[in-house]
Every structure is written in C-alpha cells, then in structure tokens.
Amino acid sequence: MYAQMVKSGAADDSPEARAFQARIDAGEKIEPKDWMPEGYRKTLIRQIGQHAHSEIVGQLPEGNWITRAPTLERKAILLAKVQDEAGHGLYLYCAAETLGVSRDDLTRDLLSGKMKYSSIFNYPTLTWADMGAVGWLVDGAAIMNQVPLQRTSYGPYSRAMIRICKEESFHQRQGYDIMMKMAGGTAEQKRMAQDALDRFWYPSLMMFGPSDKDSVHSAQSMAWKIKMNTNDELRQKFVDQTVPQAEYLGLTVPDPDLTWNEDKGGYDFSEPDWSEFFEVIKGNGPCNTERLAARNAAWDDGKWVRDGLLAHAQKRAARKVAAE
Ligand code: FAQ
C-alpha cells in the first residue's frame with residue numbers, strides 16, 4: 001500500500017500537497033483549476049471513468065428487455081430508465097473531462113478492454129423478473145454507493161452525483177414495483193422473482209468491490225475523500241436495508257447463513273465468491289465478450305453520425321469566418 005501511495009504521489013510532503021490535504025480535511029471542494037496531486041487526478045479519472053462506462057454498458061442488460069416488456073406502460077418506463085442511464089454516463093464523462101482527459105480517450109480505453117466497468121453488467125438478464133431484480137438490487141446497490149459520493153471532495157463529481165442519485169431512487173422503486181407484482185402474482189411469477197433474486201444477490205454484493213483487506217485504493221481514496229466509505233461498510237448497509245425488503249416480498253435471500261446480529265445491529269451474511277469476482281473483472285464473466293462486442297459495434301456503426309456532425313460543424317465554422 002505504501003509503495004502505491006509513493007507511486008501515486010500521495011506521500012508527497014510538499015507545501016502544495018499539505019495545503020491540498022488541509023483543504024480536503026476542512027471539507028472544501030476541489031475544483032478543476034485548483035492544484036491537485038497527480039495521484040488524486042488519476043484516481044478520479046479512473047473512478048469517474050469506470051463509473052461512466054458502467055452507466056453506458058449498464059444499458060445493455062435492460063435494453064435487452066425493452067422490446068419484450070409485458071405491457072406498453074412497462075415498456076415506456078423501462079425505455080425512460082435506460083435513457084436515464086445514458087444521461088448519467090454523459091454527466092460523468094463531462095466530469096472526467098474537467099480533469100484533462102477526453103471522452104474519446106476514455107471510450108477508446110473502454111472499447112479496448114483497458115478500462116473497467118462494473119462487474120454486475122457481465123451477468124445476463126434471462127427473464128422479465130430480472131428487470132425487477134436489476135432495478136431493486138443493482139440500482140439499490142448503486143444508490144447505497146452513490147449517496148455518500150454526493151459529498152465527495154471533487155466538485156464536478158459531487159454535483160453529478162446529486163443529480164444522478166435523484167434519478168436512481170426512481171429506478172430502484174420501479175424495480176421493486178416489478179418485484180411486488182411478480183412476487184404477488186401466480187406461482188410461476190413468484191418462482192421467477194425468486195430465481196432472479198437467487199441469481200442477482202451475490203453479483204449485487206460484489207458491486208461494492210473486494211473486501212476491505214483486498215481493496216487496493218480505499219485507504220488513499222478515503223484520505224482524499226474520493227470515497228467516503230469502505231467497500232465492506234457499504235456492503236453491510238446494503239444487506240441491512242435489502243433483507244427486510246426481500247421479507248416483505250415473501251422471497252428468500254439465497255444465504256443459509258444470513259442471521260441478525262443484535263450486538264452489531266446488522267446482519268451476518270456470507271461473502272460472495274471472490275474468485276468469481278476477480279475472474280469477472282479480468283474479462284472472464286458470463287457476458288464480458290458480448291458486452292464489449294456490443295459497445296464496439298455501436299461505436300463503429302455510429303461513425304457516420306460522428307463524421308456527419310463534425311463535417312456540419314466545420315462547414316458552419318467556415319461560413320462564420322467567411323461572413324466576418
Ligand atoms: N466491478 O481498490 P478497490 C451503475 C476493481 S452503478 C469492476 O476497492 P475502488 C448504475 C477496481 O476498479 C455501478 N471492477 O477499487 C446503473 C480496482 O481495479 P483497478 C458503477 C471493480 O475503485 C444501475 C480493483 O477492483 N458504480 O452503473 C469493482 O477503490 C443499473 C480493486 O478494488 C461506480 O462506479 C466492480 N464492482 O473501489 C446503471 C461507483 N469493484 O481500477 C445501469 C463509483 C472493484 O485498480 C443499470 N466507484 N473493482 O484496475 C466506486 O465507488 C469504486 O470505484 C468501487 C471500487 C467501490 C466500485
């Protein structure tokens with residue numbers, strides 16, 4: 001960890017670095033033109049970039065069900081939700097651009113597999129009940145992680161998070177509403193709801209990142225208030241919030257060791273299979289290849305639109321110069 005801190009410039013003892021840390025400790029926001037350590041800038045580009053990519057790739061598992069939603073109303077709701085995720089990606093790319101990286105560079109690194117996106121989006125969505133589980137659990141985990149990030153030290157990221165969190169809470173409610181309908185429906189619908197919970201429970205717990213003892217970045221990111229909580233703290237809060245919601249649905253969390261621990265005021269629960277998590281983030285999850293192929297195809301297919309827009313902008317600029 002220390003070696004990494006030195007490498008990132010975190011152990012920098014210069015007057016600038018000390019003044020910077022004092023601003024962070026005092027709860028001040030850091031803005032794009034302020035001095036910042038190189039490690040702080042790089043960590044933010046990594047985290048905000050991965051977050052933006054997650055929003056974009058995250059459209060795919062739900063986009064898969066837009067044409068097959070059971071009613072027109074559900075279709076319209078799902079369409080709006082997926083569109084919101086695209087918007088979140090765009091706010092986040094803009095926040096990352098304030099750190100001196102271009103959206104094209106970030107996109108290139110996503111498409112080449114160099115940059116990561118959330119592990120959760122490498123799992124398939126097999127039934128309509130999965131749309132409920134994604135909204136309830138995946139957006140639920142995203143909110144648990146993102147609400148504290150509204151107070152993150154970097155101004156543009158913090159402001160993007162405030163807007164995103166407002167929309168994510170609608171998303172979670174629409175997912176829970178689908179689960180309520182399915183769990184309260186026919187025996188077959190209830191079985192589908194349980195199956196979706198069974199498949200999405202552990203991947204949702206993985207969204208918070210590896211356990212604290214294996215988290216490479218948490219200590220430095222928390223000192224810089226890029227992260228406000230450790231991965232395990234947020235995972236615990238998520239379990240404590242979600243178990244009663246599952247009980248209300250009449251569904252069973254797929255963890256035989258789940259027990260309420262009176263002393264800690266929270267649930268004891270089984271850890272996800274971390275070897276599966278590390279395989280997924282290495283590119284070997286069930287849908288990694290498919291997701292990256294879909295994003296690459298979208299990028300290639302959109303080339304004529306980008307070229308057209310660029311040519312149009314150049315013509316307008318030339319016309320403006322000629323008129324001056
Ligand atoms: N997936 O040292 P740490 C959404 C990597 S929400 C993939 O603990 P850190 C909304 C990590 O990058 C989902 N990789 O890392 C939506 C690092 O590798 P690196 C996105 C992961 O950064 C809902 C290594 O493991 N939310 O999309 C994951 O301090 C529905 C070591 O880990 C955010 O990105 C993972 N789950 O903590 C959209 C929130 N976890 O980079 C559509 C902002 C860890 O050194 C539909 N991000 N890794 O190669 C964060 O809060 C943090 O980055 C964590 C990870 C907590 C995700």
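Helical runs (DSSP H, four residues minimum) scored at -39500 (n - 2.57) apiece and divided by the length of the chain put the mean residue ellipticity at 222 nm at -21000 deg cm²/dmol.
Considering all alpha-carbon pairs of the stretch 129-172, what whole percent are spaced by more than 18 angstrom? The share of Cα pairs beyond 18 Å in the stretch 129-172 comes to 29 percent.
For the stretch 218-320, applying the loop criterion from DSSP together with a ceiling of 15 other beta carbons within 10 Å to the trypsin sites (Lys or Arg not before Pro) yields Lys264. One chain, two ends: Leu258 and Glu233. Fully extended at 0.36 nm per residue, the span grows by 7.3 nm beyond their Cα-Cα distance. In this calculation the C-beta distance from Gln245 to Lys42 is compared with R0 = 35 Å, giving a FRET efficiency of 0.40. Counting only whole DSSP H helices of the chain, the ones at least 18 Å long by C-alpha along their axis and with mean Kyte-Doolittle hydropathy no lower than -1.0 are 38-57, 72-97, 155-183, 187-206, 303-323.
Here the label points at Trp35 and Arg191, each 7 Å from Cα along the C-beta direction, are separated by 6.7 nm in the simple model. Summarising the label geometry, the points placed 7 Å from Cα in the beta-carbon direction at Ala311 and Arg151 lie 5.3 nm from one another. Taking Thr186, Thr107, Thr43 in turn, the Gaussian network model of the chain (Cα-Cα springs below 10 Å) assigns the largest fluctuation to Thr186. For the stretch 1-112, the calculated P(r) over all alpha carbon pairs, in 5 Å bins from 0 to the bin holding the longest distance, is 2, 11, 16, 16, 14, 12, 10, 7, 5, 4, 3, 1, 0 percent.
Between Ile178, Ile143, Ile77, the residue with the greatest mean-square fluctuation in the GNM of the chain (Cα pairs under 10 Å linked by springs) is Ile77. Note: relative contact order over the stretch 88-207, using C-alpha pairs below 8 Å and six or more positions apart, is 33 percent.
Would you calculate the convex hull of the Cα atoms in the stretch 192-243 and tell me its volume per residue in Å³?
Working: hull volume 3.9 nm³, N = 52.
It is 75 Å³ per residue.
Put simply, the C-alpha atoms of the stretch 15-285 give a gyration tensor, and the ellipsoid matching it has half-axes of 33, 22, 16 Å, longest first. Could you give the length gained by full extension between Ala223 and Ile162, i.e. 0.36 nm per residue of separation minus their alpha carbon distance, to one decimal place? In short, 19.8 nm is gained. In the stretch 15-285, Cα pairs under 8 Å separated by at least six residues give a relative contact order of 19 percent.
Read-outs throughout are calculated quantities, based only on the coordinates presented, and are distinct from any laboratory measurement. Keep in mind it's a predicted model, so treat the numbers as computed, not measured. In this analysis, Cβ positions are derived from the backbone assuming ideal geometry, glycine residues included, and neighbour counts consider all displayed protein chains.
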